[in-house]
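Report on one structure; see the data block that follows.
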Amino acid sequence: MALIRTSRHFSHPDSGMTHGVSSEITPRAVYEGRRAWLKEAAALGGAAVGLQAASGLWLSGDAEAATAAAPLVARPGVLAALPGVRSTVVGAYAMDKVTPYEKVTRYNNFYEFGTDKEDPWQNAGTLKPRPWTLSIEGEVGKPLKLGLDDLLKLGAMEERIYRLRCVEGWSMVIPWVGYSLSTLIQRAAPTSRAKYVEFISLADEKQMPGVRSGVLDWPYVEGLRIDEAMHPLTMMAFGLYGEVLPNQNGAPLRLVVPWKYGFKSAKSIVKIRLVDKEPVSSWTKANAREYGFYSNVNPTVDHPRWSQATERRLGEGGFFAPRKTTLMFNGYEAQVGQLYAGMDLKKYY
Amino acid sequence: MQLSLVNQWLLKPWVKPLLWLLCAVPFAGLMVGLATDQLGANPAEKLIRETGEWTLRWLWLTLAVSPLREAASLPALLRYRRSLGVTVFIYAVLHFLAYAWLDKGLVLDDIIKDVYKRNFILVGVAALVLMTPLALTSFNAAIRKLGGKRWQALHKLVYAVALLGLLHFYWKKAAKNDVSEVMVYAVILAVLLGWRAMRKGGVMGMLRTR
């Protein structure tokens with residue numbers, strides 16, 4: 001994929017040649033050591049992995065026979081392993097320091113489990129990620145209903161390290177595991193009338209206490225333009241940190257669109273609809289002036305109530321660390337800028 | 001007047017230091033949390049939010065003193081109203097400092113721009129500004145100098161401060177579409193101010209000094 005600079009105003013950090021933090025470059029000795037370790041682990045791996053899966057977690061043993069790969073981050077050892085191979089997608093590896101697992105899993109916006117940041121971590125235990133069915137319907141030649149095992153085997157699991165920028169002004173760097181959404185959508189053979197993709201999350205009062213509140217109009221709905229959905233960076237994630245997704249992070253499968261504000265990346269998805277009209281997302285429905293359909297990360301377009309020019313990177317630099325400058329398209333301008341060529345991004349916020 | 005047992009207790013000399021100690025507990029808790037990394041994934045945001053919410057809580061408590069001392073026949077409560085009022089101001093200053101430092105890096109230019117651009121910040125700053133003369137005149141000497149009547153009139157500003165504080169909180173929470181907590185504060189404030197208005201024969205009576 002060609003790297004096209006669409007704007008002179010923002011330099012891009014992911015040219016592949018620059019490393020934001022020199023300590024993040026893996027020393028030769030370490031990766032060579034890792035390869036040796038992998039050969040040994042390959043022999044033992046199957047048994048160990050099966051044991052973890054048996055401990056009441058949602059990933060079954062056979063799905064874990066996926067390709068072993070050198071993990072970029074150490075597994076926290078909390079949930080079942082979900083290894084991923086290194087991604088070849090351009091921009092898939094942010095050079096930023098990865099946010100600690102505890103922060104990634106204890107500071108979430110997932111209103112189905114409450115509106116406080118720690119609510120999802122505390123309340124999401126009631127979510128049952130298995131069995132799970134995802135249906136793909138609408139403007140498709142082959143409507144699909146896929147179980148979780150099918151979904152896990154549908155594409156090669158890749159590890160990708162993305163920046164995540166929340167509309168509220170904080171950010172994280174998360175090692176996801178999954179594959180490009182395009183892999184999934186192509187299976188359903190979209191028709192020429194498929195101009196947009198709508199994502200619908202689970203809304204089950206029994207599993208999700210927050211759904212009883214009227215904070216949002218349930219189920220949670222998000223949407224992308226078809227070219228955004230088919231962009232290789234747009235990801236269907238099934239895991240993070242080399243393990244299956246914790247419930248609070250959107251188990252068993254969620255969307256990850258790294259150049260848009262976090263709320264665009266719908267969690268615990270049960271339905272994907274290909275449609276010919278722009279879907280109305282839940283936040284747009286709740287407050288159209290503050291949350292637009294595109295919601296691309298853009299430091300020059302403020303939220304009506306706060307500036308988007310800077311962000312607080314969680315778990316980095318200590319308590320008094322100054323806020324970081326927010327990058328255009330969250331630093332993915334080289335990869336996605338061309339999707340919006342000629343568009344007035346102040347109007348289409 | 002017959003003093004109840006509680007009233008007698010309230011007049012003991014150690015009550016005031018104890019109250020000050022209690023007032024310091026939430027902030028001390030935050031400091032301990034900060035030192036021991038117990039404030040969650042985003043300690044800066046937590047510190048800003050908690051100092052703000054405690055400002056409201058202390059203010060609501062201050063406004064509850066008058067109704068409570070009548071309803072519960074506890075006239076001795078009055079001697080603690082000023083301490084509570086000063087506590088409100090201290091927490092408001094801490095809240096502002098936390099915002100100015102952690103969110104704005106103490107860059108004055110950025111703070112001024114923020115106030116100018118965002119109603120939500122403007123309202124919060126206005127509440128702090130209106131509180132300042134109240135805090136500055138919270139000494140006996142200031143009351144003597146102003147005269148009781150003028151001092152009382154000046155301190156009616158606290159009602160404006162409460163309404164601005166509530167609006168500030170509402171605008172902050174409305175962004176998250178979650179105003180249930182704000183509603184609890186609003187209802188309590190309505191009771192506290194409504195009680196005054198009823199006793200004084202309407203809002204105008206409430207604003208008049210006796």
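On the basis of being more than 14 Å from every other protein chain (Cβ to nearest Cβ), under 22 Å from A:Thr115 (Cα atoms) and modelled with pLDDT of 95 or more, does A:Ala251 make the cut?
Considered against the rule, which asks whether it is more than 14 Å from every other protein chain (Cβ to nearest Cβ), under 22 Å from A:Thr115 (Cα atoms) and modelled with pLDDT of 95 or more, A:Ala251 comes out as yes.
Answer with yes or no whether A:Ser192 is among the hydroxyl-bearing types (Ser, Thr, Tyr) and touching a residue at least 60 places away in the same chain (Cβ under 8 Å).
no
Has the stretch A:220-241 got at least one residue that is surrounded by 19 or more Cβ atoms within 10 Å (Cβ to Cβ) and within 14 Å of another protein chain (Cβ to nearest Cβ)?
Yes, the stretch A:220-241 contains a residue that is surrounded by 19 or more Cβ atoms within 10 Å (Cβ to Cβ) and within 14 Å of another protein chain (Cβ to nearest Cβ).
Any residue that is buried (at least 16 other Cβ atoms within 10 Å of the Cβ), among the basic types (Lys, Arg) and away from every other protein chain (no Cβ under 14 Å) - is there at least one of those in the stretch A:139-146?
Within the stretch A:139-146 (the criterion being buried (at least 16 other Cβ atoms within 10 Å of the Cβ), among the basic types (Lys, Arg) and away from every other protein chain (no Cβ under 14 Å)), the answer is no, since none of the residues qualifies.
When you look at A:Val297, is it of a type in the set (A, V, I, L, M), over 15 Å from A:Val221 (Cβ atoms) and at pLDDT 95 or above, yes or no?
Considered against the rule, which asks whether it is of a type in the set (A, V, I, L, M), over 15 Å from A:Val221 (Cβ atoms) and at pLDDT 95 or above, A:Val297 comes out as yes.
Here are some residues: B:Met131, B:Met198. Which one is at pLDDT 95 or above, hydrophobic (A, V, I, L, M, F, W, C) and farther than 30 Å from A:Gly318 by Cα?
Only one candidate passes the filter, namely B:Met131.
Would you point out the residue of the stretch A:260-289, among those that are free of Cβ contacts under 8 Å to residues at least 24 places away in the same chain and in a loop (DSSP other than H, G, I, E, B), that is farthest from the chain's Cα centre (by Cα)?
Here the answer is A:Arg289.
Looking at B:Ala126, B:Ala153, can you tell me which residue is in contact (Cβ under 8 Å) with a residue 24 or more places away in the chain and under 14 Å from the mean Cα position of the chain (by Cα)?
B:Ala126
Kindly list, by first and then second residue, each pair from a residue in the stretch A:121-143 that is without any contact (Cβ under 8 Å) to a residue 60 or more places away in the chain to a residue that is assigned to a loop (DSSP other than H, G, I, E, B) and hydrophobic (A, V, I, L, M, F, W, C), limited to pairs with Cβ atoms under 6 Å and residues at least 6 apart or on different chains.
Listed pairs, sorted by first residue: A:Gly141/A:Ala189; A:Lys142/A:Ala188; A:Lys142/A:Ala189.
With the requirement that a residue be hydroxyl-bearing (Ser, Thr, Tyr) and within 14 Å of another protein chain (Cβ to nearest Cβ), what does the stretch B:72-114 give you?
B:Tyr99
When you look at A:Asn287, is it polar (S, T, N, Q) and modelled with pLDDT of 95 or more, yes or no?
no
Just for the stretch A:81-98: of the residues that are buried (at least 23 other Cβ atoms within 10 Å of the Cβ) and either of a type in the set (A, V, I, L, M) or farther than 23 Å from A:Leu181 by Cα (or both), which one is nearest to the other protein chains (Cβ to nearest Cβ)?
This residue is A:Ala94.
Can you name every residue in the stretch B:153-210 that is in a helix (DSSP H, G or I), of a type in the set (Lys, Arg) and within 14 Å of chain A (Cβ to nearest Cβ)?
Correct list: B:Lys172, B:Lys173.
Any chance the stretch A:128-149 includes a residue that's more than 30 Å from B:Asn177 (Cβ to Cβ), of a type outside the set (Lys, Arg), at pLDDT 95 or above and assigned to a helix (DSSP H, G or I)?
Scanning the stretch A:128-149 turns up at least one residue that is more than 30 Å from B:Asn177 (Cβ to Cβ), of a type outside the set (Lys, Arg), at pLDDT 95 or above and assigned to a helix (DSSP H, G or I).
Report the residue count in the stretch B:56-105 for those that are at negative phi, outside any helix (DSSP H, G or I) and small (Gly, Ala, Ser).
1
The values are calculated or read from the model by the stated rules, or taken from the named source; none is laboratory data. Please read these numbers as outputs of a predicted model, since none were measured by experiment. Here Cβ is always computed from backbone atoms with ideal geometry, including for glycine, and neighbour counts include all displayed protein chains.
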